[in-house]
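Step one of this worksheet: look at the structure below.
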Amino acid sequence: MIDGPAGTTLRVATIPGDGVGPEVVAAARRVVDAAGARFGFVVDWTEFLVGGVAIDAFGVAIRDEDVAACGAADAILLGAVGGPKWSDPAATVRPEQALFALRGGLGLFANLRPVAVHPALAGASPLRPELLAGVDMLIVRELTGGVYFGDRSEASGGPGERSALDTLPYAEHEIARIVRLAFELARTRRSMVTQVDKANVLATSRLWRQVTDEIATEYPDVRLNHQLVDSCAMLLVRRPADFDVIVTENLFGDILSDEAAVIAGSLGVLPSASLGERRTEHGIFGLYEPIHGSAPDIAGRDIANPIGTILSAAMLLRTSLGREDAAAAIEAAVSRALDEGWRTADLADPTDPSDGLVVIGTTAFATAIIERLAIHENARETAGAPS
Ligand code: IPM
Ligand code: MG
């Protein structure tokens, strides 16, 4: 009953999660279903309780069997996890543990965060417009190593004498596989790689540099430069258009990707993909999620920006399901809706009638995308029609 490109099933596990997660995932699902109707495929969706909602239901952020079930799908679409209800630093069970269980448990070592500035959103960026021309970077963040997964000891000792410990291990193979991926991706773009570290302090950073230099000899056509993370943080806002592919370790990638995201005008518009080595019938298995968090302050009000999740779903269609046609159509429809002035509340001032923008909610924005998928299809048909 459910046919993919080769008559096979397209299985996507969804993790709506907490806060605005369920709203943005529902929006993206509608868009994917509509794209499927246009392009002739049907996605078989399953849904999992993960994050704070899972802590409430099961006492853990994600159950082992749910990690396994998600891993058996072709891809995962995730909204967001976490919220004030579960954020007590003393708690031993926290929603974010679900992310680490999925990333580590499913071997999703490569986190891709593309940052481009849509021309219609240039006004929403805190940077001057002249700095934004040509911004098109891809942050390739190592996701299953480093300080996130190193041994740690929680604080112990008496008052005034407490100490805690985190460790930052990296093995050569963990560095090599992500750096190689960064070079491969650079070849499909502007052929530049910036490897970011703190080699003037950290031993692991010096290993990153050595391994990166060795791999670079296999890619003489790609320009490599090394940058210290503090300097990179500064250059990201001074000359963002200079960057193509940035490859870096887990913690630096976490920090730099939030910084870079602000350049695009809103955290709400950016997608991400987390990939490993497992291939499915249709592509590479991956987990896709917007880079924004659960935004509990606006949850349940149908005002969250669904673009980051919708564009994540487009990446999912392209990379995990082999549906470049639907992915490109969704991206074009998002772009068209923005060009026409449709916005969610994070991207416009609803009290300013003079800006020509129309503020609509999460559901209405998804509907606007769906309507523009049809326009895309009609435009293709018109263009292809015999004269
Ligand atoms: C991210 C998030 C997570 C991370 C948090 C929620 C643990 O900030 O995906 O970037 O640090 O990896
Ligand atoms: Mg982060």
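Residues being hydrophobic (A, V, I, L, M, F, W, C), surrounded by fewer than 19 Cβ atoms within 10 Å (Cβ to Cβ) and under 17 Å from the mean Cα position of the chain (by Cα): count how many of those fall in the range 67-106.
1
Does the range 105-112 contain any residue that is more than 16 Å from ligand 2 (Cβ to nearest atom) and under 30 Å from Ala333 (Cα atoms)?
Looking for residues that are more than 16 Å from ligand 2 (Cβ to nearest atom) and under 30 Å from Ala333 (Cα atoms), one finds none in the range 105-112, hence no.
Can we say Arg187 is among the basic types (Lys, Arg), without any contact (Cβ under 8 Å) to a residue 60 or more places away in the chain and more than 16 Å from ligand 1 (Cβ to nearest atom)?
Yes: the conditions hold for Arg187.
Can you tell me which of (1) under 23 Å from Ser257 (Cα atoms); (2) of a type in the set (A, V, I, L, M, F, W, C); (3) in a helix (DSSP H, G or I) is the one Ala332 doesn't meet?
(1)
Quick one: which strands (runs of 3 or more DSSP E) sit completely within the range 190-280 and have at least 1 residues that are outside the structural domain of Glu172 (by TED's automatic domain parsing) and within 16 Å of ligand 1 (Cβ to nearest atom)? Write out each step before concluding.
Working: elements: 192-197, 223-228, 245-248, 271-279.
In the range 190-280, 271-279 are the strands (runs of 3 or more DSSP E) which contain 1 or more residues that are outside the structural domain of Glu172 (by TED's automatic domain parsing) and within 16 Å of ligand 1 (Cβ to nearest atom).
Would you check if there is a residue in the range 129-140 being in contact with a strand residue (DSSP E or B) (Cβ under 6 Å, 6 or more places away or on another chain), modelled with pLDDT of 95 or more and either charged (D, E, K, R) or assigned by TED's automatic domain parsing to the domain that holds Ile307 (or both)? Spell out how you get there, then give the answer.
Step one: filter the range 129-140 for residues in contact with a strand residue (DSSP E or B) (Cβ under 6 Å, 6 or more places away or on another chain), giving 136-140.
Of the ones still in play, those that are also modelled with pLDDT of 95 or more are 136-140.
If we keep only those that are either charged (D, E, K, R) or assigned by TED's automatic domain parsing to the domain that holds Ile307 (or both) as well, we get 136.
Checking the range 129-140: at least one residue is in contact with a strand residue (DSSP E or B) (Cβ under 6 Å, 6 or more places away or on another chain), modelled with pLDDT of 95 or more and either charged (D, E, K, R) or assigned by TED's automatic domain parsing to the domain that holds Ile307 (or both).
Within the set of pairs 6+ apart or on separate chains, which have a first residue in the range 199-215 that is of a type outside the set (A, V, I, L, M), a second that is part of a helix (DSSP H, G or I), and C-beta atoms under 8 Å apart?
Matching pairs, first to second residue: Thr204/Gly146; Trp208/Ile175; Trp208/Val179; Thr212/Ile175; Thr212/Val179.
Test Ser294 against the stated conditions and say whether it is assigned to a strand (DSSP E or B) and either within 16 Å of ligand 1 (Cβ to nearest atom) or buried (at least 21 other Cβ atoms within 10 Å of the Cβ) (or both).
Working: assigned to a strand (DSSP E or B): no; either within 16 Å of ligand 1 (Cβ to nearest atom) or buried (at least 21 other Cβ atoms within 10 Å of the Cβ) (or both): yes.
For Ser294, the condition - assigned to a strand (DSSP E or B) and either within 16 Å of ligand 1 (Cβ to nearest atom) or buried (at least 21 other Cβ atoms within 10 Å of the Cβ) (or both) - is not met.
Six or more apart or on different chains, Cβ under 8 Å: which pairs go from a residue in the range 84-97 that's farther than 9 Å from Gly52 by Cα to one that's in a loop (DSSP other than H, G, I, E, B)? Could you list them?
The qualifying pairs are Ser87/Arg94; Val93/Gly59; Val93/Val60; Val93/Ala61; Gln97/Val60; Gln97/Ala61; Gln97/Ile62.
The values are calculated or read from the model by the stated rules, or taken from the named source; none is laboratory data. Because the structure is predicted, anything quoted here is derived from the model rather than measured. Using ideal geometry, Cβ is built from the backbone for each residue, glycine included, and neighbour counts are taken over all protein chains shown.
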